[in-house]
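Below you will find the structure I want to go over with you.
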Amino acid sequence: MTLIPFDDRDGFIWMDGAMVPWRDAKIHVLTHGLHYGSCVFEGIRSYGGKVFKLREHTERLIKSGELLGFTIPYSLEQIEKATLDVLAKQKITNGYIRPVAWRGSEVMAVSAQQTKIHLAIATWEWPSYFASGAKERGLKLQLSKWARPAPNMAPTASKAAGLYMICTLSKHEAEAAGFDDALMLDYRGLIAEATGANMFFVMDGDLHTPIPDCFLNGITRRTVIELAKKRGIKVIERHIPLEDLKKATEVFLAGTAAEVTPIGRIDDHIFTVGSITKQLMADYSQRVTEPS
């Protein structure tokens, strides 16, 4: 497969208030966000030209910046408009949208309160996050050696770039071992999430999902809970120990990129792509095309 580098594409990116030719949307090598992780972002999808949950994603972007100690210099309404503008400029119908905000290059030190805050929004066509056939057979996950940190160790309620370093390490190790993704535990040894999506488990006909007290309460996660309750499926949010994998018959991921994707295996535990998973996959596919 030939990769198309993201720095060498046609089109435009909205950057600091203007549409910039794609290849000109650059930052300096001494940017604070690169060296110290002072960067937040969002992952958003558009379906049929409509952006799903734009308001919730934009609110979370702004909140993530605040949790990292900076204010994005654009209002919620301005960010939403810029998102729609770049989507139209790129002529994207079904695609992925990446807003990202970061500290600039005015200061190169841990303390960088005088840096300028930048914002860019890019979008591109993007089909399924996982390889073809994943939603039919279910993903294979490996338990990661990396754990989600406690809320007093990192700004875990933010979608901060630095928090994804252990996700990349976990996913790379899983892929090298022949798996699709990794299951991450939290600092207590409880089930947390996959590397970029929340997790759900079907046990005795009920839907169980970990309490997001040290990782993101995903927008897709909340949507799936809403859809399940509409179907009369009991949703139980609780701390889930690893040994409870033995009780699960169905498992699936939920995230903007992953959408709703079933899991067929976690290490030696085998699961079916069952009726509840299939129903919620169908319900989610329908929901994303409706008005938010």
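The values are calculated or read from the model by the stated rules, or taken from the named source; none is laboratory data. Only a predicted model underlies this, so the values are computations on that prediction, with no experimental measurement involved. Here the Cβ positions follow ideal geometry from the backbone for every residue, glycine too, while neighbour counts run over all protein chains shown. Protein only, heavy atoms only, side chains kept; ligands, DNA and RNA dropped before computing areas. Shrake-Rupley method; radii C 1.70, N 1.55, O 1.52, S 1.80 Å.
Here's a check for you: in region 81-111, which residue that is part of a helix (DSSP H, G or I) and of a type in the set (Val, Ile, Thr) is nearest to Leu61 (Cα to Cα)?
Thr83
Which residues, taken from region 43-61, are modelled with pLDDT of 95 or more, open to solvent by 40 Å² or more (accessible area, probe 1.4 Å) and either in contact with a Leu (Cβ under 7 Å, 6 or more places away or on another chain) or part of a loop (DSSP other than H, G, I, E, B) (or both)?
Once the filter is applied, which keeps residues that are modelled with pLDDT of 95 or more, open to solvent by 40 Å² or more (accessible area, probe 1.4 Å) and either in contact with a Leu (Cβ under 7 Å, 6 or more places away or on another chain) or part of a loop (DSSP other than H, G, I, E, B) (or both), region 43-61 yields only Glu59.
Just the residues that are in contact with a strand residue (DSSP E or B) (Cβ under 9 Å, 6 or more places away or on another chain) and either crowded, with 20+ Cβ neighbours inside 10 Å or part of a loop (DSSP other than H, G, I, E, B) (or both), please, taken from region 27-40.
Ile27, Thr31, His32, Gly33, Gly37, Ser38, Cys39, Val40
Something else: Which one of these does Met281 not meet: (1) over 21 Å from Leu143 (Cβ atoms); (2) open to solvent by less than 10 Å² (accessible area, probe 1.4 Å)?
Result: Met281 passes all but (2).
Could you please let me know if Cys167 is surrounded by 14 or more Cβ atoms within 10 Å (Cβ to Cβ) and in contact with a Pro (Cβ under 6 Å, 6 or more places away or on another chain)?
So Cys167 does not fit the description; no.
Can you pull out the residues in region 170-216 that are surrounded by fewer than 15 Cβ atoms within 10 Å (Cβ to Cβ) and of a type outside the set (A, V, I, L, M)?
Of everything in region 170-216, those that are surrounded by fewer than 15 Cβ atoms within 10 Å (Cβ to Cβ) and of a type outside the set (A, V, I, L, M) turn out to be His172, Glu175, Gly178, Arg188, Gly189, Asp204, Gly205, Asp206.
What is the one condition in (1) surrounded by 15 or more Cβ atoms within 10 Å (Cβ to Cβ); (2) out of contact with any Asp or Glu (no Cβ under 8 Å at 6 or more places or on another chain) that Pro127 does not satisfy?
Here Pro127 meets the rest and fails (1).
Looking at region 231-241, which of its residues are surrounded by fewer than 20 Cβ atoms within 10 Å (Cβ to Cβ) and in contact (Cβ under 8 Å) with a residue 12 or more places away in the chain?
Arg231, Ile233, Lys234, Val235, Ile236, Glu237, Arg238, His239, Pro241
Considering only region 1-39, how many residues are among the aliphatic types (A, V, I, L, M) and over 22 Å from Ile92 (Cα atoms)?
5
Still on this structure, I have one more. Every residue in region 224-263 that is in a loop (DSSP other than H, G, I, E, B), of a type in the set (A, V, I, L, M), at pLDDT 95 or above and within 21 Å of Ala147 (Cβ to Cβ), please.
Matches in region 224-263: Ile240, Ala248.
Condition check: in contact with a Cys (Cβ under 8 Å, 6 or more places away or on another chain) and either over 27 Å from Arg60 (Cα atoms) or surrounded by fewer than 19 Cβ atoms within 10 Å (Cβ to Cβ) (or both). Does Gly138 satisfy that?
No; evaluated as a whole, the condition is false for this residue.
Continuing with this model, one more query. Condition test on Ile97, is it surrounded by 13 or more Cβ atoms within 10 Å (Cβ to Cβ), of a type in the set (A, V, I, L, M), closer than 28 Å to Lys278 by Cα and at pLDDT 95 or above?
Yes.
Also: Count, please, the residues in region 189-216 that happen to be in contact with a His (Cβ under 9 Å, 6 or more places away or on another chain) and charged (D, E, K, R).
Count: 1.
Can you tell me which residues in region 235-292 are farther than 15 Å from Asn198 by Cα, touching a Phe, Trp or Tyr at 6+ places or on another chain (Cβ under 6 Å) and among the charged types (D, E, K, R)?
Of everything in region 235-292, nothing turns out to be farther than 15 Å from Asn198 by Cα, touching a Phe, Trp or Tyr at 6+ places or on another chain (Cβ under 6 Å) and among the charged types (D, E, K, R).
Show the residue pairs that are 6+ apart or on different chains and have beta-carbon atoms under 9 Å apart, the first residue being within region 72-85 and without any contact (Cβ under 8 Å) to a residue 60 or more places away in the chain, the second being part of a helix (DSSP H, G or I) and open to solvent by 70 Å² or more (accessible area, probe 1.4 Å).
Within 9 Å, the pairs are Ile72/Glu66; Leu76/Arg55; Leu76/Glu59; Glu80/Arg55.
Checking Gly69 against (1) small (Gly, Ala, Ser); (2) out of contact with any Gly (no Cβ under 7 Å at 6 or more places or on another chain); (3) open to solvent by less than 20 Å² (accessible area, probe 1.4 Å), only one condition comes out false. Which one?
Single failed check for Gly69: (3).
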